[in-house]
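These notes concern the structure reproduced below.
The values are calculated or read from the model by the stated rules, or taken from the named source; none is laboratory data. Being a predicted model, the structure only gives us computed values, none of them experimental. Cβ coordinates were reconstructed from backbone atoms using ideal geometry, including for glycine residues, and neighbour counts include every protein chain displayed.
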Amino acid sequence: MEKGTSVFENGLIWFGAAVSIAEILTGTYFAPLGFAKGLFAIFTGHIIGCVMLFLAGLIGGKVRKSSMETAKMSFGSKGALLFSVLNIIQLVGWTAIMIYDGALAVNGIFDIGNWVWCIVIGALIMLWIMIGIKNLGKVNTVAMAALFILTVVLSFVIFGKGVMHSIAGESMTFGAAVELSVAMPLSWLPLICDYTREAKKPVKATAVSAITYGIVSCWMYIIGMGAAIFTAQSDIAQIMVKAGLGIAGLLIVVFSTVTTTFLDAYSAGVSSESVSDKVSAKWVAVAVTVIGTAGAMFLPLADITDFLYFIGSVFAPMTAIQIADFFILKQNKETKSFSVKNLIIWFVGFVIYRLLMGVDIVVGNTLPDMLITIVICVAVSKIKDYKTGGENL
């Protein structure tokens, strides 16, 4: 029998990635736009983000390599180390943020102390890691079925009364809202290959992963936005308490946090293997969970906007270059130690992203940045091929 994860298992993994308190909380920021305009911004951003997610995941699925191993094809065996290190840093950050958000929310339901819930959630994430990605099928099926039922109940609680409230607060432009919607799928770009590389049917598994994540992530954003508009309350924990979802609410928060954060910690372990082949991905993942748990307990992690923009500015141009190399230029073999050309193009893309942050574009700044980077990458390669006869820089 062919080894690897099934299409269904990949779908479950990305369902779990999307069901997240962090996504629900991000959705509350859309409330001042109004429901219709906010909905359009959420869908627009997720379409952009999930198309990029599909293309990035397809590369890993086809060449059977992790996200950071596929980066070596574009940036060289040593050049890609920059992204491996940055990826590990952002994954440690995500682990801490997810545990922090989860503990804060669940403590609003059962107030026994944030630090206690940080430890409980951290311990469950370690359990998921020790079970392992290839053995999670049945466990994930049960967890996802429970989460699905509970989030449906939460949706009925929020939208059941159907009374819209006018939400005051700092309004954002439509373009900024789209960018905030792109941000979540974008944050998974440097991770998705870690899962699609194991798939029995890479193309179908990648498509199901991106579509499942996109639909469920939109659902989470809409729950958050709906909570703010229909209940005039952005604290999801308090909504659950008022609706009588005590134990059920606790389960939603804890297991959604565990299933999402597990992917961050696991991928940090996989990325560490790109830095050194002497480390164990599983034990690095455990160490990242411990560090993330400590960070959640002791660091102020309430506002993650700058963190999301950092991820975008680093990994949007990186993925754009990979897409250009693999799908347009047909470069699918590892280059030598450093691809100076692509590292320079990446830096240009990074600077362009930071500059675009000051410009209000209706589709956000990730899509323009990635398109500009792809055009630069293809143009430079064609010019270089014309001048040198196709030799690598």
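In the range 305-351, which residues are modelled with pLDDT of 90 or more and of a type in the set (Lys, Arg)? Within the range 305-351, 341 is the sole residue that qualifies. May I ask you to list the residues in the range 318-360 that are part of a loop (DSSP other than H, G, I, E, B) and among the hydrophobic types (A, V, I, L, M, F, W, C)? Matches in the range 318-360: 329, 338, 357, 359. Where helices (runs of 4 or more DSSP H) fall entirely within the range 178-251, those with at least 1 residues that are closer than 30 Å to residue 272 by Cα and at pLDDT below 85 are at 193-196. State yes or no: is residue 299 surrounded by fewer than 17 Cβ atoms within 10 Å (Cβ to Cβ), more than 21 Å from residue 57 (Cβ to Cβ), out of contact with any Leu (no Cβ under 9 Å at 6 or more places or on another chain) and in contact (Cβ under 8 Å) with a residue 40 or more places away in the chain? Answer is yes for this residue. Got at least one residue in the range 356-366 being without any contact (Cβ under 8 Å) to a residue 12 or more places away in the chain, loosely packed, with under 13 Cβ neighbours inside 10 Å and over 20 Å from residue 58 (Cα atoms)? Yes, because at least one residue in the range 356-366 is without any contact (Cβ under 8 Å) to a residue 12 or more places away in the chain, loosely packed, with under 13 Cβ neighbours inside 10 Å and over 20 Å from residue 58 (Cα atoms). Note on the range 361-372: residues that are over 12 Å from residue 179 (Cβ atoms) and assigned to a loop (DSSP other than H, G, I, E, B) amount to 0.
Listed by first and then second residue, the pairs with beta-carbon distance under 7 Å, at least 6 apart or on different chains, first residue in the range 266-285 and assigned to a loop (DSSP other than H, G, I, E, B), second of a type outside the set (Gly, Ala, Ser), are 279/273. Of all residues being in contact with a strand residue (DSSP E or B) (Cβ under 8 Å, 6 or more places away or on another chain) and at pLDDT 85 or above in the range 1-37, which is farthest from residue 303 (Cα to Cα)? Just the residue, please. So, considering only residues that are in contact with a strand residue (DSSP E or B) (Cβ under 8 Å, 6 or more places away or on another chain) and at pLDDT 85 or above, the one farthest from residue 303 (Cα to Cα) is 7. Contact map, the range 210-233: first residue over 30 Å from residue 54 (Cα atoms), second residue modelled with pLDDT under 90 and among the hydroxyl-bearing types (Ser, Thr, Tyr), Cβ cut-off under 6 Å, separation 6 or more or different chains; pairs are 228/28; 228/234. Looking for something in a loop (DSSP other than H, G, I, E, B), among the polar types (S, T, N, Q) and under 29 Å from residue 183 (Cβ atoms) - is there at least one such residue anywhere in the range 373-392? No; the residues of the range 373-392 include none that is in a loop (DSSP other than H, G, I, E, B), among the polar types (S, T, N, Q) and under 29 Å from residue 183 (Cβ atoms).
A count restricted to the range 8-37 and to residues that are closer than 25 Å to residue 208 by Cα and not aliphatic (A, V, I, L, M) stands at 11. Of all the numbered requirements in (1) over 19 Å from the mean Cα position of the chain (by Cα); (2) over 23 Å from residue 63 (Cα atoms); (3) not charged (D, E, K, R), residue 313 misses one, and that requirement is (1). Within the range 313-326, one or more residues are surrounded by 18 or more Cβ atoms within 10 Å (Cβ to Cβ), charged (D, E, K, R) and more than 30 Å from residue 145 (Cα to Cα).
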